[in-house]
Amino acid sequence: MVFVAQVYFAGAVAVLSARRTLDFEYLHMGKVRVADGTRDHPLAAAALAKKREFTSPPHLVDLPAYLARLELLARVNFVDELEADEG
């Protein structure tokens with residue numbers, strides 16, 4: 001049996017695992033799968049080129065600080081070590 005908390009945790013680990021390739025502005029523009037949210041995804045470039053009235057959520061206003069917090073979260077939760085063990 002899978003509980004909601006397990007699903008959220010798995011999603012958080014997926015985001016932390018892909019944090020270095022994700023375009024977080026694009027992910028926050030709408031319903032986008034993490035797999036489609038990479039910086040080099042063709043839909044990301046098109047959507048970002050058309051963004052006119054997109055307002056970044058407060059946590060993305062200072063993107064470098066947000067990315068630094070994601071790095072810290074990944075480190076304290078051993079995300080990189082989990083990937084190394086699985087790979």
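Rule-based calculations on the coordinates, nothing more; no lab input. Everything numeric here is computed off the predicted structure, so don't read it as measured data. Here the Cβ positions follow ideal geometry from the backbone for every residue, glycine too, while neighbour counts run over all protein chains shown.
How do Thr38, Thr21 rank when sorted from fewest to most other Cβ atoms within 10 Å of their own Cβ?
Working: Thr38 16, Thr21 12.
Exposure proxy ranking, most exposed first: Thr21, Thr38.
Output ³J(HN,Hα) for segment 10-20: one whole-Hz value per residue in order, computed from phi by the Karplus curve 6.51 cos²θ - 1.76 cosθ + 1.60 with θ = phi - 60°, and x for Gly and Pro.
For segment 10-20, the Karplus-derived couplings read 4, x, 5, 5, 4, 5, 5, 5, 9, 4, 7 Hz, x marking Gly and Pro.
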